[in-house]
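Every number in this text was worked out from the coordinates using simple rules, so none of it is lab data. Remember, predicted model here, so these are calculated numbers, not experimental data. Note that we place each Cβ from the backbone using ideal geometry, even for glycine, and neighbour counts take in every protein chain shown.
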Amino acid sequence: MQKYTEIQIGNETVKKHRRDIRKDAVICAHIPKEPCRIFESSAGSAILARQLRDQGHDVSISNYYPQNFEDITEYHADLNKPLEIEDNQFDVVICREVIEHVESIPHVFREFNRILKPGGTLILTFPNRLQIRSRFMHLFSGFYRGMKSPINLDVRFGEAHINLIGYPETDYFLRKTGYEVQSVESSYFQASDNIFYIFKPLIHLTTNYYLHKYKKTAQEHDKTKPENIAYNTFIAEKLLSKDLFFGKDVIISAKKIE
């Protein structure tokens, strides 16, 4: 199977990896069909952004290293700092394989929340640190898939995976910065990972034990209140779902609370 497919963007023909095609299909499923205002952060060559523009959306992007597009609005932005964008501007914000590179994820989420219109959607993707193969890699090496060895000290902040966090922490950050999680999915699976399915019953028992039984009255992990039981049940369901158990990436759609 070919890894790349040629696609047309305006008058330009570009090659797009099959994994990016699958990921972007999941992203686009959460974007309104009718024209809306979209912002993609750290968009790089902006293939997805320009595809969305060609579909009739009003699209803007940001990059730390400007690409100087002639046909799309581009902001020069360091996501570790406030965005120079006014409040309540966009219906959708896309953050695609970016948050693992930033210094403060809650800061970035707050900035996205600020520039989203009330009820707007944040679509977030990042590597799945807790995918089953990655868990075994961590067990035997101390490193997760996506960050398999220490970062060289001559690498600048932002140019490596410095914040490879798991889904539970990301969910917590989203809810604490003004979002309601709508969906949690993945787009990339590897058939050979099915061999790890034999461990799922044990992981299911262990996950539910720690989320519901272990130290039930710890101050920051009280597991006796109905709202906390419901939240821990939700987290367990997501961690044990096919998407997060086997998927290589995490794709979250979250709504800005009005």
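Total residues in region 153-185 satisfying the condition of being assigned to a loop (DSSP other than H, G, I, E, B) and closer than 29 Å to TYR65 by Cβ: the figure is 15.
Taking the criterion of being under 22 Å from the mean Cα position of the chain (by Cα) and part of a loop (DSSP other than H, G, I, E, B), the residues of region 66-86 that qualify are ALA77, ASP78, LEU79, ASN80, LYS81, PRO82, LEU83, ILE85.
When the residues of region 53-98 are filtered to those that are more than 25 Å from VAL250 (Cα to Cα) and of a type in the set (Val, Ile, Thr), which remaining residue is surrounded by the fewest Cβ atoms within 10 Å (Cβ to Cβ)? The residue in question is THR73. Across region 88-129, which residue is farthest from the chain's Cα centre (by Cα) among those that are part of a loop (DSSP other than H, G, I, E, B) and closer than 25 Å to THR207 by Cβ? For region 88-129, the residue satisfying everything is ARG129. In region 200-258, what residues are outside any helix (DSSP H, G or I), among the basic types (Lys, Arg) and closer than 30 Å to LEU116 by Cα? LYS248, LYS255, LYS256 - these are the residues of region 200-258 that are outside any helix (DSSP H, G or I), among the basic types (Lys, Arg) and closer than 30 Å to LEU116 by Cα. The set of residues in region 130-158 that are surrounded by 16 or more Cβ atoms within 10 Å (Cβ to Cβ) and among the hydroxyl-bearing types (Ser, Thr, Tyr) comprises SER134, TYR144.
Of the residues making up region 206-233, those that are free of Cβ contacts under 8 Å to residues at least 12 places away in the same chain and either aliphatic (A, V, I, L, M) or within 30 Å of SER192 (Cα to Cα) (or both) are THR206, TYR209, TYR210, ALA218, ALA230. Comparison of LYS248, LYS176 shows that the only residue that is of a type outside the set (A, V, I, L, M), under 22 Å from VAL26 (Cα atoms) and touching a Pro at 6+ places or on another chain (Cβ under 8 Å) is LYS248. Does TYR197 satisfy the criteria of being farther than 22 Å from LYS255 by Cβ, without any contact (Cβ under 8 Å) to a residue 40 or more places away in the chain, aromatic (Phe, Trp, Tyr) and in contact with a Lys or Arg (Cβ under 7 Å, 6 or more places away or on another chain)? So TYR197 fails the test. Starting from residues that are small (Gly, Ala, Ser) and not in a loop (DSSP other than H, G, I, E, B), keep the ones in region 53-65 and report whichever is nearest to LYS117 (Cα to Cα). So, considering only residues that are small (Gly, Ala, Ser) and not in a loop (DSSP other than H, G, I, E, B), the one nearest to LYS117 (Cα to Cα) is SER60. Residue by residue through region 145-174, note down the ones that are hydroxyl-bearing (Ser, Thr, Tyr) and touching a strand residue (DSSP E or B) at 6+ places or on another chain (Cβ under 8 Å). TYR167, THR170, listed by residue number. The set of residues from region 130-152 being hydrophobic (A, V, I, L, M, F, W, C) and part of a loop (DSSP other than H, G, I, E, B) comprises LEU130, PHE143, ILE151.
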